[in-house]
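Quick notes on the structure that follows.
The values are calculated or read from the model by the stated rules, or taken from the named source; none is laboratory data. On a predicted model such as this, the values are computed, not experimentally measured, just so you know. Glycine gets a Cβ as well: all are built from the backbone with ideal geometry, and neighbour counts include every protein chain shown.
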Amino acid sequence: MIKKKILFVVAEFFKGGAERYAYEIDRVLDKTKFEVTILCLNNKNQKIDNWERFYDKKHSELGTKIIFCDNFLNIERPILNKIKRKLKIKTKGRINHKAMISFLSKFDILHWMGEYTFYHNLPDSLLRKSIVNTMSAKFQNPSLYDKFNFDTNYTFMSGFSGEEFKYEYGDFTKIKHYFFPLVFKIENEKPKWNFLRNPDIKKIGIFTRLDKYKPLDPFFYAFQLLLSEDINVELHVFGSGDPEEEGMNIKLKNLDISEKVFFRGHQEDITKTAIEEQLNLSWFQGYNNNRPAGYAGFDICSVGLPLICWDFFHEKIKEENYIYPHYKNLKKFVEHSLKIINNKEEAIKLSRLQFNKVKDNRDSLKYIKKLERIYNEINVN
């Protein structure tokens, strides 16, 4: 059997959602049928402050070949300027268009991991075998698709459906879309988290990246209200980024909650952190009263730590989500948080609902056959 050649295109190999997604697919794809190569839109020796490559080593352990953009550079001019400016990456040289097109033409499927990785100068022959995996959302960045031609026959893949799909892709006239959610390899057969009865200090965790596209303001306001309930509670924010540079310290000072909020920095393994820190609850950014927005929320659910979401989607919440509770109302958000922190029965119930939901609906081993069928369908067409 001749293997189909798949090219994953990634911006980098940092611990980001798109990079994680590419790895989770690579580790379960049937390598007797598919051969994966990865193109990174950065130079091999390029370094970026405060960021360290991670998934390049993970892919290499799988035997996956990695190509960096150094291979396609003309020395004197800047490479893929639009992409690089957005990613705040500085490089030397400009892409050799002919060399790049020749390289891309060798593959049966081009899987662009993130709408920001897409190379807009593709000929139709390459566009027809391209899948653009949307890894961001318009609620985070309204100008997300400004560089796309809304009348072009793109093929998108995402976890959006229903009203989300209409909102996200409503400007496009001819696209084809495949639903495929964030998936990963489920490591636990049962939850690891247990309810802690009467700890001296209740602890709430937020797992995120300190970034303007991931605002924490609603959580800070909610935490201020929570403290007014005469409860000994701390808020621990885990994730890379400088709270001073991102303007968060001044917000905490203005709310008079600085002494109870702790920025803990990047965590190598958030599931391990969630258990070892003995957290009582986690708060997450949610999307459309449906799910936590990103891998971190599902990782947390996979160990059983209960989470509650603040909904950042533009629509009103019309019905209660019993599995992934979403709120736009601070009072209700705080009331539910108190219930989970103080009530063992409620906490265990939510923990088990979320754990089972993730196990049943996010297991990459259950979904990978669907992606393989999609690859075959696009390759035939």
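Outside the structural domain of Thr271 (by TED's automatic domain parsing), modelled with pLDDT of 90 or more and more than 16 Å from Trp310 (Cβ to Cβ): does that describe Gly162? Taking the combined requirement at face value, the residue does not satisfy it. Scanning the range 316-374 for residues that are more than 30 Å from Glu24 (Cβ to Cβ) and polar (S, T, N, Q) yields a count of 4.
Condition check ((1) of a type in the set (D, E, K, R); (2) under 23 Å from the mean Cα position of the chain (by Cα); (3) under 29 Å from Phe139 (Cβ atoms)) across all residues:
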residue	(1), (2), (3)
Thr173	no, no, yes
Arg209	yes, yes, yes
Tyr221	no, no, yes
Leu235	no, yes, yes
Leu252	no, no, yes
Ile257	no, no, yes
Thr273	no, yes, yes
Glu276	yes, no, no
Phe284	no, yes, yes
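Rundown of residues vs (1) assigned to a loop (DSSP other than H, G, I, E, B); (2) among the acidic types (Asp, Glu), yes/no style:
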{"site": "Glu244", "(1), (2)": "yes, yes"}
{"site": "Asn249", "(1), (2)": "no, no"}
{"site": "Phe263", "(1), (2)": "no, no"}
{"site": "Lys272", "(1), (2)": "no, no"}
{"site": "Gly286", "(1), (2)": "no, no"}
{"site": "Lys316", "(1), (2)": "yes, no"}
{"site": "Leu338", "(1), (2)": "no, no"}
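Only residues that are of a type in the set (A, V, I, L, M, F, W, C) and under 21 Å from the mean Cα position of the chain (by Cα): list them for the range 321-356, please. Correct list: Ile323, Phe355. Taken together, the criteria exclude Tyr375 from residues that are of a type in the set (Ser, Thr, Tyr), within 30 Å of Leu216 (Cα to Cα) and either in contact with a helix residue (DSSP H, G or I) (Cβ under 9 Å, 6 or more places away or on another chain) or not assigned by TED's automatic domain parsing to the domain that holds Cys301 (or both).
Scanning the range 266-307 for residues that are hydrophobic (A, V, I, L, M, F, W, C) and within 20 Å of Glu164 (Cα to Cα), which turns out surrounded by the fewest Cβ atoms within 10 Å (Cβ to Cβ)? Steps first, answer last, please.
Narrowing the range 266-307 to residues hydrophobic (A, V, I, L, M, F, W, C): 270, 274-275, 279, 281, 283-284, 293, 296, 298, 300-301, 303, 305, 307.
From what is left, the residues that are within 20 Å of Glu164 (Cα to Cα) are 284, 293, 298.
Working: Phe284: 25, Ala293: 25, Phe298: 23.
Residue satisfying both the conditions and the ranking: Phe298.
Only one of the numbered conditions (1) surrounded by fewer than 16 Cβ atoms within 10 Å (Cβ to Cβ); (2) modelled with pLDDT of 90 or more is not met by His97, and that is (2). Which of the residues spanning the range 183-213 are aliphatic (A, V, I, L, M) and under 27 Å from Glu346 (Cβ atoms)? Across the range 183-213, the qualifying residues are Ile186, Leu196, Ile201, Ile204, Ile206. Scanning for something modelled with pLDDT of 95 or more, β-branched (Val, Ile, Thr) and more than 19 Å from the chain's Cα centre (by Cα), does the range 290-303 turn up at least one residue? For the range 290-303, residues modelled with pLDDT of 95 or more, β-branched (Val, Ile, Thr) and more than 19 Å from the chain's Cα centre (by Cα): absent. Taking Lys47 as the residue in question, decide whether it is at pLDDT below 90, surrounded by 17 or more Cβ atoms within 10 Å (Cβ to Cβ) and of a type in the set (Lys, Arg). No: the conditions fail for Lys47.
Applying the condition of being surrounded by 20 or more Cβ atoms within 10 Å (Cβ to Cβ) and among the hydroxyl-bearing types (Ser, Thr, Tyr) to the range 308-332 and asking which residue is farthest from Ile348 (Cα to Cα) yields Tyr327. Looking across the range 195-214, just one residue is surrounded by 12 or more Cβ atoms within 10 Å (Cβ to Cβ), assigned to a loop (DSSP other than H, G, I, E, B), out of contact with any Gly (no Cβ under 8 Å at 6 or more places or on another chain) and at pLDDT 90 or above, and that is Phe195.
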